[in-house]
1. Take the chain, connect every pair of alpha-carbon atoms lying under 10 Å apart with a spring to form a Gaussian network, then pick out the residue of 58, 185, 117 with the largest mean-square fluctuation.
2. Give me the angle, in degrees from 0 to 90, between the Cα long axis of helix 156-165 and the longest principal axis of the Cα atoms of the chain, rounded to the nearest 10.
3. With a 1.4 Å probe and all protein chains left in place, how much accessible area per residue does the stretch 70-214 have, in Å²?
4. Computing the accessible area with a 1.4 Å probe over protein heavy atoms, can you report the carbon and sulfur percentage for the chain?
5. Would you mind calculating the gained length between residue 59 and residue 179 on full extension (0.36 nm times residue separation, minus the Cα-Cα distance), in nm to one decimal?
6. Around residue 179, with a cut-off of 13 angstrom between Cβ atoms, what is the net charge of the other residues, counting Lys and Arg +1 and Asp and Glu -1?
7. Just 49, 94, 177 to compare: in a GNM of the chain, with alpha carbon springs under 10 Å, which one fluctuates most?
8. Once you keep just the Cα pairs under 8 angstrom separated by 6 or more residues, what percentage relative contact order results for the chain?
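The values are calculated or read from the model by the stated rules, or taken from the named source; none is laboratory data. No experiment lies behind these values; they were computed from the predicted model shown. Cβ placement follows ideal geometry from the backbone for every residue including glycine, while neighbour counts extend to all protein chains displayed. Accessible surface is based on the protein model in full, side chains and every heavy atom, while ligands, DNA and RNA are left aside. Shrake-Rupley method; radii C 1.70, N 1.55, O 1.52, S 1.80 Å.
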Amino acid sequence: MDILNKISENLQDGNIEMVSELTKQAIKEKIPPKEILDNGLIDGMNIIGEKFKIHEIFIPDVLLAAKSMYAGMNELKPLLIKAGIPAIGKIVIGTIQGDLHDIGKNLVAIMLKGAGFEVIDLGNDVPPEKFIETAKRENADVIGMSALLTTTMTAMKKVIDLLKEQGLSDKIKVIIGGAPTSEEFARQIGADAYCYDAASAVECVKGLIATESK
Ligand code: B1M
């Protein structure tokens, strides 16, 4: 079995130490970090999602898998973040109110930092008002919201409506992402962009900041 499969399988089994060790080994073997992430860690997490859906496994299993994911991500983080790049824009990011899923959001934050953005991470379960207050106080260029639940994604609209009410929509752009969201949903709620994954979030933010400064 190749090492990326081993990472995926150990993540599914919740072997935190092994995932950390195997990720270190994959790095040593010079496998590109993006490949380790996509074909090892995220692959394992996707299989966990499928098994969870059909009740083959339960929340404690998913939590162990999530901890294993973080163990692997911790090893990859320094490689994903390139040091010493000056900040090219500021983004306030968080998972929307009611939603505790933060793995995808954390990946987006890591990639944005790696691309040279200053990232203010509000964590998960973030009330709409907190996004606005922080973005105003920090003079941020962009607000980024993540949602993994169909029941919480609707709260994203509240943030956009609050921005409109306060006349801030031109100044502060909004990107959204997370599995249940889509291009169409972004249009419906008036977000400036929908980003499919962490890499495309970097392109989204770069694009929005470039348009803003024209
Ligand atoms: Co939950 N969960 N979960 N869960 N969980 C899902 C999302 C689910 C699809 C599982 C399933 O049924 N197949 C399902 C949602 C169904 C729905 O809404 N239609 C679900 C459910 C139901 C629940 C609970 C309600 C279960 C319960 O209690 N009965 C509960 C809700 C708790 C709450 O939030 N209030 C719950 C709890 C949990 C845990 C706490 C156990 C754990 C979260 C741990 C944590 O995050 N710290 C968990 C997990 C791990 C998952 C799955 C298995 C994996 C999610 C994940 O981290 N994926 C998930 C199934 C799945 O997604 N396949 C599931 C890996 C991550 C890298 O991907 O987050 O999609 P993702 O991020 C991607 C993109 O979406 C994008 O970039 C990332 C990749 O590059 N992206 C952005 C994400 N945010 C972005 C923001 C951007 C741009 C891109 O810009 C700002």
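1. Per the Cα network of the chain with a 10 Å cutoff, 58 tops the list.
2. Roughly 20 degrees between the two axes.
3. 47
4. Numbers: 5990 of 10990 Å².
Accessible surface attributable to carbon and sulfur in the chain totals 55 percent.
5. Details: separation 120, 0.36 × 120 = 43.20 nm, distance 1.86 nm.
Answer, rounded to one decimal: 41.3 nm.
6. Working: positive: 53, 105; negative: 50, 99, 197.
Neighbourhood net charge equals -1.
7. 49
8. Values: 351 pairs, mean separation 34.4, N = 214.
Across the chain, relative contact order equals 16 percent.
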